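Inspection log for the structure reproduced underneath, given as structure tokens.
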């Protein structure tokens, strides 16, 4: 394991990281947002008449930073694309003839996201930065701005019925997060042309997301009131659940603009849902029958449709994300972009779902066997960020990089991850740094018990919140041979003081009140227990990171070195929270592999 595998380099693994977001379909064709690691920009592409071409010119990048995580970066008018430019966060209009984008807004203290077009206006979430950060729903047009809703702490998903008579949106207040408690709100247009008072349609200790109107103006939404994010709506004059499987039909709404379901009538809808972590796509009929599509794929995002096709961003265990067009009648699928073969199918390690005991509960994840491995290979445990996020059983070139080199990989959806229902997601409440760590350690014991890995050669790695779990596992358990923290949290108190409004109360939900629960924070702060870490650690950090500031990583690095622990740090001058530059992504991947190899050779 001390020599690299020539056929799949870190550079190739990173180059395979092209991704897509935000499919939109209109009279002028299909549009999507495409990110390529080579230049780090997000560009809008237009598919029409069997061809795709890039609309976004050099110097522009379509990416919102509302709530820091963005989403909903563009929408369509009949003859143009309206998008948020990454650099200045303003809305621009770009005609489809390829001409230069023209500014629609000029508010340097504002950001915009979750764009929706309706009758000459752009509906958007507006984030205003002044003495404090405020959020509103606004309608934007050339030279005009109308406030549609204000007063709540956060907003999402402004949606108008086709006739423009009903406006729905999601809102929530601190200390709630969008995956804990939100409200579905509705305003109706009055006879005098003014909007009536806002009404709360739903919001009883539930998380609601993705409101939709059908063609007849009926309102629907996803709610986890019954334990999973499932479709609810106005049916027969009542707000009630639609027939649905007991499964999540969406992921946690970290970003704006998600679309994982579309209503087709009172009892019919198109939706993706998770079954044991695997995504499926189907039309659900009035008699609860399902018509499934694209069964070879295991994750679907950004659903859209027209009279002939269903569209989705889809990925499978053997192919990276692709833009998929699916015939509504014949069900045949066609790849319009992406999905290129990264490795021969025979050289791909495919995910095996695992559910294993951890404490008194079950935890979940995916196991990727090492390729061409000797008996009981070393293991790398992947911890996703969030922590209320998820990993998916799709081709991840980074994971294949490890399996090609004789490492097995466990990609974990520890308790607190989304995709397994509300109770599983809420299990992390006040227990971050405890049960997620317990699940990571239990995965090693479980896989070793199955004879699949060597427990004495287990490594753990994670970014952001996953880096926190990594450092806690190394500080408080003797399970892992070494670990890697990518812009990981080592001091939650320091993070809480510097974090942004969207996550301003998240730590209190995850750990507790910093004053009242000071001892709990002390017990779960890796930086305060650096002397307990005996395993080597490698750190990767962006110098421009405003979430986990570089000083936090440097303090942890120096504390380990002072204790005589092998610790290495790599700092990248132009990176923020989450790396985007291809050369840095490749460098970090290769340096992490070399670090583990050195540990194994000791």
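Taken together, the residues in region 1-51 that are outside any loop (DSSP other than H, G, I, E, B) and under 26 Å from the mean Cα position of the chain (by Cα) amount to 26.
Just the residues that are surrounded by fewer than 19 Cβ atoms within 10 Å (Cβ to Cβ), touching a helix residue (DSSP H, G or I) at 6+ places or on another chain (Cβ under 7 Å) and either at pLDDT below 95 or within 12 Å of residue 400 (Cβ to Cβ) (or both), please, taken from region 348-360.
If the condition is that a residue be surrounded by fewer than 19 Cβ atoms within 10 Å (Cβ to Cβ), touching a helix residue (DSSP H, G or I) at 6+ places or on another chain (Cβ under 7 Å) and either at pLDDT below 95 or within 12 Å of residue 400 (Cβ to Cβ) (or both), then 359 is the only one that fits.
Selection within region 129-178: residues that are over 22 Å from the mean Cα position of the chain (by Cα), over 27 Å from residue 193 (Cα atoms) and exposed (fewer than 15 other Cβ atoms within 10 Å of the Cβ). The member of this set that is modelled with the highest pLDDT is 129.
Quick check on residue 107: is it surrounded by 24 or more Cβ atoms within 10 Å (Cβ to Cβ) and either free of Cβ contacts under 8 Å to residues at least 12 places away in the same chain or on the phi < 0 side of the Ramachandran plot (or both)? Answer is no for this residue.
Provide a single number: the residues in region 310-332 that are surrounded by fewer than 19 Cβ atoms within 10 Å (Cβ to Cβ) and in a strand (DSSP E or B). Within region 310-332, residues that are surrounded by fewer than 19 Cβ atoms within 10 Å (Cβ to Cβ) and in a strand (DSSP E or B) number 1. Of the residues examined, residue 574 is not one that is exposed (fewer than 15 other Cβ atoms within 10 Å of the Cβ) and touching a residue at least 60 places away in the same chain (Cβ under 8 Å).
Would you confirm, using the coordinates I've provided, whether residue 266 is touching a helix residue (DSSP H, G or I) at 6+ places or on another chain (Cβ under 7 Å) and either at pLDDT below 95 or within 30 Å of residue 63 (Cα to Cα) (or both)?
no
Are any of the residues in region 439-452 out of contact with any helix residue (DSSP H, G or I) (no Cβ under 8 Å at 6 or more places or on another chain), modelled with pLDDT of 95 or more, under 22 Å from residue 175 (Cα atoms) and part of a loop (DSSP other than H, G, I, E, B)? Scanning region 439-452, I find no residue that is out of contact with any helix residue (DSSP H, G or I) (no Cβ under 8 Å at 6 or more places or on another chain), modelled with pLDDT of 95 or more, under 22 Å from residue 175 (Cα atoms) and part of a loop (DSSP other than H, G, I, E, B), so the answer is no. Look at region 439-462: where a residue is surrounded by fewer than 21 Cβ atoms within 10 Å (Cβ to Cβ) and a partner is modelled with pLDDT under 95, sitting 6+ places away or on another chain with Cβ atoms under 6 Å, you get 454/376.
Taking the criterion of being farther than 17 Å from residue 316 by Cβ and crowded, with 20+ Cβ neighbours inside 10 Å, the residues of region 10-24 that qualify are 10, 13, 14, 21, 22, 23, 24.
How many residues does region 145-177 contain that are under 28 Å from residue 226 (Cβ atoms) and part of a strand (DSSP E or B)?
15
Rundown of residues vs (1) under 24 Å from residue 147 (Cβ atoms); (2) touching a residue at least 60 places away in the same chain (Cβ under 8 Å); (3) surrounded by fewer than 18 Cβ atoms within 10 Å (Cβ to Cβ), yes/no style:
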site: 7; (1), (2), (3): no, yes, yes
site: 29; (1), (2), (3): no, no, yes
site: 57; (1), (2), (3): no, no, yes
site: 91; (1), (2), (3): yes, no, no
site: 97; (1), (2), (3): no, no, yes
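Number of residues in region 222-250 that are assigned to a strand (DSSP E or B), free of Cβ contacts under 8 Å to residues at least 40 places away in the same chain and under 23 Å from the mean Cα position of the chain (by Cα): the value is 3.
For every residue, the table says whether it meets (1) out of contact with any strand residue (DSSP E or B) (no Cβ under 8 Å at 6 or more places or on another chain); (2) more than 21 Å from residue 416 (Cα to Cα); (3) in contact (Cβ under 8 Å) with a residue 12 or more places away in the chain; (4) in a helix (DSSP H, G or I).
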site: 489; (1), (2), (3), (4): yes, no, yes, no
site: 496; (1), (2), (3), (4): yes, no, yes, yes
site: 527; (1), (2), (3), (4): yes, yes, yes, yes
site: 535; (1), (2), (3), (4): no, yes, yes, no
site: 546; (1), (2), (3), (4): no, yes, yes, no
site: 552; (1), (2), (3), (4): yes, yes, yes, yes
site: 558; (1), (2), (3), (4): yes, yes, no, yes
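Applying the set (1) loosely packed, with under 14 Cβ neighbours inside 10 Å; (2) touching a strand residue (DSSP E or B) at 6+ places or on another chain (Cβ under 7 Å) to residue 191 leaves exactly one unmet item: (2). Just one of (1) more than 26 Å from residue 354 (Cβ to Cβ); (2) modelled with pLDDT under 95; (3) part of a loop (DSSP other than H, G, I, E, B) fails for residue 253. It is (2).
Residue-by-condition table, conditions (1) surrounded by fewer than 20 Cβ atoms within 10 Å (Cβ to Cβ); (2) under 21 Å from the mean Cα position of the chain (by Cα); (3) more than 21 Å from residue 133 (Cα to Cα):
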residue	(1), (2), (3)
491	no, no, yes
502	no, yes, no
518	yes, no, yes
521	no, no, yes
530	no, no, yes
537	no, no, yes
542	no, yes, yes
562	yes, no, yes
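Residues of region 178-205 that are touching a residue at least 40 places away in the same chain (Cβ under 8 Å) and assigned to a loop (DSSP other than H, G, I, E, B): 178, 179, 180, 198.
The values are calculated or read from the model by the stated rules, or taken from the named source; none is laboratory data. Being a predicted model, the structure only gives us computed values, none of them experimental. All Cβ positions, even for glycine, are placed from backbone atoms using ideal geometry, and neighbour counts span all protein chains on display.
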